[in-house]
Amino acid sequence: MYECPNCGGNLKFSIEDQLMKCDYCQTTFDPYSLKKENDAEELFAFEATIFTCPQCGGEILSTDNSAAEFCSFCGASTILSGRLSNEKRPVRIIPFKITEDSCKKAYLGRMRRALFAPKELKQEKALNQFRGIYIPYYCYHVVQKGAAQLKGKKQYRKGSYDYTDHYRLTGDIDASYSHLSFDASATLDDTISRQIAPYQPCDEKQFTPAFLSGFYADISDIGETVYIEDAKQIANTASMKKIREMKPFKGLHPDPGITLSSQNTSLCTKTKRPEALMYPVWFMSYRHKDRVAYATINGQTGKISADIPIDPVKYLISTLLLAVLLFFLLNPVLILTPTGLLILSALLSVVTFILFWLETRKIYRRETRLDDKGYQDLAARQTKKKSKKKTKKATFTMTFGEFWTYSKAPLFGTQLPGFLGSLFALVIAIIVLMIDPVSDIWYYGGCFLTFLCTLFTMAAILLKYNTLATRPLPQFARKGDDA
């Protein structure tokens, strides 16, 4: 902890003052003028790391990747300096700019537009769960300097013939891209970090542990090479856009190549070793049955990303009222024969099946975290360390068995796959159309059964949306209280 030179109280970083501030005497200090006299004493026991609070002597059980914690007994903010080794020590940091009050206002503004959100998300209890966390980032610098060689083509038409002229375009390129940042924590999903990006480098400051006082903080747990290709791809795309806008290439279509490797060669793309940074994030979690929804806010700009499940009762009532309104509006102008009505019901079941498949596919990618390179890198290294064998790469497509598993929905006390409703609806419609009965009652009966089966899949889609809007496990294991 940082002790106040005046009264010995606990110093924490004040967002409003952008200085260190004493909890007791309210004196402020420059973060760079302070030296950390008392540090949490680190002990190792039973493969868990336990820190002793320097203020009250209480024990702090810390997660493996935490660099700052709060004592559960006295509430003192403690920097775990043993975790901030030279290898993982950040070079720069962006201090928190958005206060907790501003954070709550931004969240409430988002919730006001969420008409079907559960009322629990809008209550005071949810607002009091926001925590400030410093997330580790890797900052990449990409340089493109040298003789660039690109393929180009020009297409035109003369008479009845189409012509394509091929060119080899050469020239010198001198471009650089800095502050291409990616989160270096496997616990923070890449989709979340992309949604709250970007951070503005103008507020970066030289790192000192004093900025962490009063907040939680993690350290990087993934390799620094994980996002190199992503940084190169961003640079290549930006350079090619600029090249295509240049006057000498008017009418031409420059092409750097199909693969990223060929693009790197054509544009002389290289990267320097990334720098370790820390960026501020406000984080709130909301438990929804056996899953968790998150609200994440950029601690510098206030940009928000929120998982918002829906209240099924609110949604169904609203949908029913809308359906009744549409029925009375369309009834005078829309006249369908029994056969046309059955065909329309069959088409509705097909559309419902496609929507359900798309929803299930999103859930599969979310649950397996296929789009999270940091998590995949950490999981691969941990598996390789345990088995000492090559790990199988994650596939980006679902097998039928995986689709069957992820499509199950708790409907009417069962765990049936939700797509069965649409499938049965389509089968019923096809059978009735093939039999082609004389009496219209068979068509109306088929329409009724088809509608009921399709409704089953629609209910499953609704439940699956809530699965997609929440996550299976907390992404941050936290202890302590920062009240």
Q. Taking a 1.4 Å probe, which of Asp17, Asp183 shows the most accessible area, and what order do the others take after it?
A. Asp17, Asp183
Q: Within the set of other residues whose C-beta is less than 15 Å from the C-beta of Leu169, count the net charge using Lys and Arg as +1 and Asp and Glu as -1.
A: +4
Q) Using alpha-carbon pairs under 8 Å, 6+ residues apart, how would you state the relative contact order of region 130-245 in percent? A) 35
Q) What are the ³J(HN,Hα) values, in whole Hz, obtained from phi via the Karplus relation 6.51 cos²θ - 1.76 cosθ + 1.60 with θ = phi - 60°, for each residue of region 5-11 in sequence order, with x given for Gly and Pro? A) x, 8, 10, x, x, 7, 8
Q: Express in nm, to one decimal, how much length is gained between Val313 and Ala379 on full extension, taking 0.36 nm for each residue of separation and deducting their alpha carbon distance.
A: 19.9 nm
Q | Built amide H within the under 5 Å cut-off of Arg471, gap 5+ | A | Val292, Ala293
**Q.** Residue-by-residue Karplus 3J(HN,Hα) for region 444-455, coefficients 6.51, -1.76, 1.60, Hz, glycine and proline x
**A.** 5, x, x, 5, 5, 5, 4, 5, 4, 5, 5, 4
Q: Amide H neighbours of Leu169 under 5 Å, at least 5 residues apart or on other chains, H built in the peptide plane: list them.
A: Leu150, Lys151, Gly152
Q: Please express the shape of region 143-200 as an equivalent ellipsoid: the semi-axes are the square roots of 5 times the eigenvalues of the C-alpha gyration tensor, given largest first in whole angstrom.
A: 42, 20, 9
**Q.** Alpha carbon convex hull of region 87-221, projected area averaged over orientations, nm²
**A.** 16.1
Q) Using the alpha carbon gyration tensor of region 183-291, what are the three equivalent-ellipsoid semi-axes (square root of 5 times each eigenvalue), largest first, in whole Å? A) 36, 18, 15
Q) With every protein chain left in place, what is the accessible area of Arg89 in Å² (1.4 Å probe, nearest 10)? A) 90
(Q) As a test of reading the structure, rank Lys158, Lys303 by solvent-accessible area (1.4 Å probe, protein chains only), most first. (A) Lys158, Lys303
(Q) For Met434, what accessible surface area do you get with a 1.4 Å probe? Give it in Å², rounded to 10. (A) 150
Q: Could you go through region 418-430 in sequence order and give the Karplus-derived ³J(HN,Hα) for each residue, using 6.51 cos²θ - 1.76 cosθ + 1.60 with θ = phi - 60°, rounded to whole Hz, and x for Gly and Pro?
A: x, 6, 4, x, 5, 5, 5, 4, 5, 5, 4, 5, 5
Q) Where does each of Trp404, Trp442, Trp282 land when they are ordered by accessible area, with a 1.4 Å probe and the largest first? A) Trp442, Trp404, Trp282
Q: Please give the contour-minus-distance gain from Thr164 to Glu229: 0.36 nm per residue of separation, less the Cα-Cα distance, rounded to one decimal in nm.
A: 20.2 nm
Q.
Within region 171-188, name every residue whose backbone N is under 19 Å away from a label modeled 7 Å from Cα of Lys270 along the Cβ vector.
A. 171-180
Q: Would you kindly give the portion of the calculated P(r) for region 113-162 that falls above 13 Å, as a percent of all Cα pairs?
A: 82
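Can you give me the accessible area per residue for region 255-368, using a 1.4 Å probe, in Å²?
56
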Q.
I'd like the accessible area for His141, computed on protein heavy atoms only with a 1.4 Å probe and all protein chains in place. Round to 10 Å², please.
A. 40
Q | Out-of-range pairs (alpha-carbon distance over 28 Å; input Lys119/Lys373; Lys35/Lys303; Lys119/Lys464) | A | Lys119/Lys373; Lys35/Lys303
Q. Using the Kirkwood formula over every pair of different C-alpha atoms, what hydrodynamic radius in Å results for region 312-359?
A. 12.8
Q | For Gly9, distant residues with modelled amide H under 5 Å away | A | Cys4
Q: Assuming R0 = 35 Å, can you tell me the calculated FRET efficiency for the pair Cys7 and Val91, based on Cβ-Cβ distance, to the nearest 0.05?
A: 0.60
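The values are calculated or read from the model by the stated rules, or taken from the named source; none is laboratory data. Keep in mind that this is a model prediction, so the values were computed, not measured. For neighbour counting, all protein chains shown are included, and Cβ atoms are generated from backbone atoms with ideal geometry for every residue, glycine included. Each accessible area value is taken on the protein alone, full model and side chains, heavy atoms only, with ligands, DNA and RNA left out. Shrake-Rupley method; radii C 1.70, N 1.55, O 1.52, S 1.80 Å.
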